[in-house]
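J.: Handing you a structure now.
The values are calculated or read from the model by the stated rules, or taken from the named source; none is laboratory data. Only a predicted model underlies this, so the values are computations on that prediction, with no experimental measurement involved. Note that we place each Cβ from the backbone using ideal geometry, even for glycine, and neighbour counts take in every protein chain shown.
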């Protein structure tokens, strides 16, 4: 996709659509939860994720990870690098940068933070997640923490703008112990759904 770092940075400076974008890619059960929460975030744990971009041969790539099959409600899912805020973190942006280094080995000195999206609440784990957008000047080298990350997937960002790659099916939701119908992005041998798809939806709306 022919979108430069500066163009991306400019798009991210626009007002954030938030929940209106999130709802477009929300699973059925999440849409109901989102519409019913008011002050439900006050007791939430705090965390952060980082959407990281780089250019390769004039193609804009986005980095996502597949979570390892550890015992947990998000095992095996496609996600952005990130995790829980720790006391030693200066702020949630520090959390996002620390987590991406711990999980896939990209150090903060190589990353330029170019924007921030709306926070998103994750009911199953009771996390309120801050979402940052970063940029790398070169293709990264990875050092994967295998206990947490099964693989890194580099997605051509232009794929998200192809309407035929937005599909819908039933996904098993461990927190419900049941299946729920959800839209998803069927890209690069990865099915991106749930919170990650909702975050991408806001990013696409900003760029469009």
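J.: Test of understanding: among 3, 12, which residue is modelled with pLDDT of 90 or more, over 21 Å from residue 193 (Cα atoms) and within 17 Å of the chain's Cα centre (by Cα)?
T.: Values: 3 fails: within 17 Å of the chain's Cα centre (by Cα).
So the residue among 3, 12 that is modelled with pLDDT of 90 or more, over 21 Å from residue 193 (Cα atoms) and within 17 Å of the chain's Cα centre (by Cα) is 12.
J.: While we're looking at this one, here's another question. From the list 134, 115, pick out the single residue that is out of contact with any helix residue (DSSP H, G or I) (no Cβ under 7 Å at 6 or more places or on another chain) and touching a residue at least 24 places away in the same chain (Cβ under 8 Å). Working first, answer last.
T.: Working: 115 fails: out of contact with any helix residue (DSSP H, G or I) (no Cβ under 7 Å at 6 or more places or on another chain).
The match here is 134.
J.: Yes or no: region 162-170 includes at least one residue that is touching a helix residue (DSSP H, G or I) at 6+ places or on another chain (Cβ under 7 Å), at pLDDT 95 or above, part of a strand (DSSP E or B) and surrounded by 16 or more Cβ atoms within 10 Å (Cβ to Cβ).
T.: no
J.: Now for a separate question. For region 130-161, give me each residue that is surrounded by 17 or more Cβ atoms within 10 Å (Cβ to Cβ), within 16 Å of the chain's Cα centre (by Cα) and not in a strand (DSSP E or B).
T.: Listed by number, the residues that qualify are 148, 157, 160.
J.: A further question follows. Of (1) more than 15 Å from residue 79 (Cα to Cα); (2) at pLDDT below 90; (3) in contact with a helix residue (DSSP H, G or I) (Cβ under 6 Å, 6 or more places away or on another chain), residue 142 satisfies all except one. Which?
T.: (2)
J.: Any chance region 64-76 includes a residue that's within 16 Å of the chain's Cα centre (by Cα), closer than 23 Å to residue 18 by Cα and modelled with pLDDT under 95?
T.: The answer is yes; a qualifying residue exists.
J.: Count, please, the residues in region 55-65 that happen to be closer than 17 Å to residue 142 by Cβ and out of contact with any helix residue (DSSP H, G or I) (no Cβ under 9 Å at 6 or more places or on another chain).
T.: Residues that pass the stated criteria total 1.
J.: What about residue 90, is it at pLDDT 95 or above, in contact with a helix residue (DSSP H, G or I) (Cβ under 8 Å, 6 or more places away or on another chain) and surrounded by fewer than 22 Cβ atoms within 10 Å (Cβ to Cβ)? Let's see the steps before the verdict.
T.: Numbers: at pLDDT 95 or above: yes; in contact with a helix residue (DSSP H, G or I) (Cβ under 8 Å, 6 or more places away or on another chain): no; surrounded by fewer than 22 Cβ atoms within 10 Å (Cβ to Cβ): yes.
No, not satisfied.
J.: Among 176, 204, which is surrounded by fewer than 21 Cβ atoms within 10 Å (Cβ to Cβ) and either modelled with pLDDT of 95 or more or in a helix (DSSP H, G or I) (or both)?
T.: Details: 176 fails: either modelled with pLDDT of 95 or more or in a helix (DSSP H, G or I) (or both).
After applying the criteria, what remains is 204.
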